[in-house]
Amino acid sequence: MKAEIRKIAVLVEETHREMGREIVPPTRKAAAVAVIANPFAGKYVDDLELLMQIGEELGGLLGRRCVEALGIAPGQAESYGKAAMVGENGELEHAAAILHPRMGKPLRAEVEKGAALVPSSKKIGGPGQRLDIPLGHKHAAYVRSHFDGMEVCLNDAPRANEIMVAIAVTDSGRPLPRVGGLTVDEIKGEDGLR
């Protein structure tokens, strides 16, 4: 593995009740977070290929950890998202190199396909800062019931020369969705939008 991983954390969130109503089955989200050394911390580098390779490795590893944490078959995953927080000695482009060119393909393999773009966010931050992972349906971006997010926070990451990389996967949409739009049973899954 090209990524120098200091730690991995996995979190599962289940919502059993919302606004006094029981949610059956509970809505569930899982996030897997890797804290890695930033090989380009403190210096400008034109060629970010190494970070792109790291993104490819982490897409599979973290996606698999999420699916395992939910205890579901890959095809049962409904939405996904990705995010990265770069420590102060890095730059936003380091997060972009990890998240964009190659992370999606191995993540999609772990959740069995996915025609929609993987929502993402990136920021620069320090230990204990919160990182929001945006979520969207894996087959159709217009499914409003799956517009959501998951927040992660590690008290000791990212340090100045690190990057905190996170993937989230769900087995459902938001609890009690009622804002209209394309429904799950209307998905065609052809263009990533509908």
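The values are calculated or read from the model by the stated rules, or taken from the named source; none is laboratory data. Because the structure is predicted, anything quoted here is derived from the model rather than measured. Cβ sites come from the backbone with ideal geometry, for glycine too, and all protein chains shown count toward neighbours.
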Worksheet item: Within the bounds of region 103-116, is there any residue that is of a type outside the set (Val, Ile, Thr), closer than 23 Å to LEU50 by Cβ and in a loop (DSSP other than H, G, I, E, B)?
Response: yes
Worksheet item: Which residue pairs have Cβ atoms closer than 6 Å, lie 6 or more positions apart in sequence or on different chains, and pair a first residue in region 177-190 that is farther than 19 Å from GLY149 by Cα with a second residue that is part of a loop (DSSP other than H, G, I, E, B)?
Response: ILE187/HIS139; ILE187/ALA140; LYS188/ARG194; GLY189/ALA115; GLY189/HIS139
Practice prompt. Output the number of residues of region 109-133 satisfying the condition of being polar (S, T, N, Q) and crowded, with 24+ Cβ neighbours inside 10 Å.
Written response: 0
Practice prompt. Filter region 158-190 down to the residues that are among the small types (Gly, Ala, Ser) and under 25 Å from ALA83 (Cα atoms), then identify the one that is farthest from the chain's Cα centre (by Cα).
Written response: ALA160
Response to the item:
Within region 38-50, residues being out of contact with any Lys or Arg (no Cβ under 9 Å at 6 or more places or on another chain) and either surrounded by fewer than 20 Cβ atoms within 10 Å (Cβ to Cβ) or among the aliphatic types (A, V, I, L, M) (or both) number 9
Worksheet item: So is ALA115 among the hydrophobic types (A, V, I, L, M, F, W, C) and at pLDDT 95 or above or not?
Response: no
Fill in: Contacts under 8 angstrom Cβ, first residue in region 74-93 being closer than 18 Å to GLY104 by Cα and of a type in the set (D, E, K, R), partner part of a strand (DSSP E or B) and at pLDDT 95 or above, 6 or more apart
GLU78/HIS137; GLU78/THR170; LYS82/SER120; LYS82/ILE133; LYS82/VAL165; LYS82/ALA166; LYS82/ILE167; LYS82/ALA168
Fill in: Restricting region 67-91 to residues that are among the aliphatic types (A, V, I, L, M) and more than 13 Å from the chain's Cα centre (by Cα), the residue that is surrounded by the most Cβ atoms within 10 Å (Cβ to Cβ)
VAL86
Worksheet item: Given the structure, is ARG28 in contact (Cβ under 8 Å) with a residue 12 or more places away in the chain, among the charged types (D, E, K, R) and farther than 14 Å from THR170 by Cβ?
Response: no
Response to the item:
Within region 138-194, the count of residues that are surrounded by fewer than 18 Cβ atoms within 10 Å (Cβ to Cβ) and under 23 Å from GLY55 (Cβ atoms) comes to 7
Worksheet item: Within region 92-108, is there a residue that is within 25 Å of PRO25 (Cβ to Cβ), over 12 Å from the mean Cα position of the chain (by Cα) and surrounded by fewer than 20 Cβ atoms within 10 Å (Cβ to Cβ)?
Response: no
